[in-house]
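Here the structure is laid out as structure tokens; the discussion comes afterwards.
The numbers here are math on the coordinates, done by the rules we state, and not lab data. What you see is a predicted model, and the numbers here were worked out from it, not measured in a lab. Cβ placement follows ideal geometry from the backbone for every residue including glycine, while neighbour counts extend to all protein chains displayed.
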Amino acid sequence: MKATAVANANIALVKYWGKRNSELILPYNSSVSMTCDGLWTKTTVEFSPKYSKDEITINDEELKKDEKDILGHLDRIRKMAGINYKAKIVSESNFPVAAGLASSASGLAALSLAASVAVGLKLNEKQLTILSRQGSGSASRSICEGFAIWYHGIKEDGTDSYAECIADKNHWPEFRMLTTIVTEKKKPVGSRTGMAQTVATSPYYEGWLKTIEDDLKQMKEGIKNKDFEKVGSIAEHNCIKMHATMMTTKPSIIYWIPATVEIIHEVRRLREEGIECYFTMDAGPNVKILCLEKDLDEINERISKLEGVKKTIICKPGEGARLEERHLF
């Protein structure tokens, strides 16, 4: 009853922000993302009667504060399989956790695949996205390769809220995402708390929701037609709209730090010089820059010289969640 899985982080190009059902993690709006080959989490899960309690180690640290309800997710999988064995989990990521880089997406996707296989569940991709969604909403998209859409659904039981691939990893080989690391510190307000606060108090949240369907339509067309200007401009504007809802909560949620703002201005300077690139951010200070392969080296060189940039990670459309034979323990 042991399995190991790897899942990549995904970065939303049309964002998900706000839940209509926090227990099942059902979003108010659909979202579109790119699965990033350069950002991954590997997780080994073993269920056995030899364990008296669940043991969870993430990046060599024992889990003490379960903010993502990993234990609840394990209980969910145990219930589906009809077992009550405790589990040992060891997980490692190649990028900072809880810093706005979608670590929970890759982590919960890898956990869902490894744990479901370990207990003998035979889930198809759609079923896996629904399971992963209940651990972390954006994890549903990390099950899929390339570019994915997560449907918000309308049913109360969540059976129509799932993710699927809209373009595989080879559809747009020139597409790149340059992830900048300006801090590896844990962000001050977690995404779940931030979403709930935004829905409850931001006067702009309803306006955000009204613009999403058009963003989704345009984004899907842009990806299908490999229209970089359309994809980049929509992603950038959608990101700014999301952060505007955060900034207008009570109290305000401001993830940006000086280095964040400096990167934003540098991206705009590059565009003015005729180098096509756009920025996006999740709930955190680390900026992702969208560009094409032909401009990547120049953009990376310019961005890396900025004072607050600690390192950059180059990503292209990546694989969906998959099993690995080599275990972590």
Legend entry - Reachable aspartates and glutamates, given that their alpha-carbon falls under 13 Å from the alpha-carbon of Lys305 and they are not under 8 places away in the same chain: Glu262, Glu266, Asp297
Inset, instruction - Distance between Cα centroids, segment 261-298 to segment 219-253: provide it in whole Å. - result: 13 Å
Legend entry - Packing-based ranking, highest mean first, of 264-271, 176-183 given that Cβ atoms within 10 Å are counted: 176-183, 264-271
Legend entry - Nearby aspartates and glutamates by direct alpha-carbon distance to Lys122 (threshold 17 angstrom, same-chain neighbours under 8 apart not counted): Glu46, Glu324
Inset, instruction - Give me the distance in nm between label points sitting 7 Å out from Cα along the Cα-to-Cβ direction at Glu221 and Ala244, one decimal. - result: 2.1 nm
Inset, instruction - Starting from the Cα of Lys186, step 7 Å toward the Cβ, then list every residue of segment 62-80 with an amide N under 16 Å from that point. - result: 62-71
Legend entry - Cα-based reach from Lys250 at 19 Å (exclusive), listing aspartates and glutamates while leaving out same-chain residues under 8 positions away: Glu206
Legend entry - Rounded FRET efficiency, nearest 0.05, which uses the C-beta distance separating His171 from Asn21 and R0 of 41 Å: 0.80
Legend entry - Distance from segment 1-49 to segment 183-204 (C-alpha centre basis), Å: 18 Å
Inset, instruction - Using θ = phi - 60° and the Karplus relation 6.51 cos²θ - 1.76 cosθ + 1.60, list the HN-Hα couplings for segment 83-93 in order, rounded to whole Hz, with x at every Gly or Pro. - result: 10, 10, 5, 7, 10, 10, 10, 10, 9, 9, 10
Inset, instruction - Give the long-range amide H neighbours of Ala87: residues separated by 5 or more places, or on another chain, with amide H under 5 Å away, using H modelled in the peptide plane at 1.01 Å from N. - result: Asp54, Glu55
Legend entry - Relative packing of 144-152, 272-280, 303-311, which averages over residues the other C-beta atoms within 10 Å, highest first: 144-152, 272-280, 303-311
Legend entry - Entries in Lys185/Lys230; Lys126/Lys186; Lys68/Lys220; Lys185/Lys311; Lys185/Lys294; Lys155/Lys226 that, when Cα-Cα distance is taken, lie over 23 Å: Lys185/Lys230; Lys126/Lys186; Lys68/Lys220; Lys185/Lys294; Lys155/Lys226
Legend entry - Peptide ranges 214-222, 103-111 listed from the most packed, as the mean C-beta count within 10 angstrom indicates: 103-111, 214-222
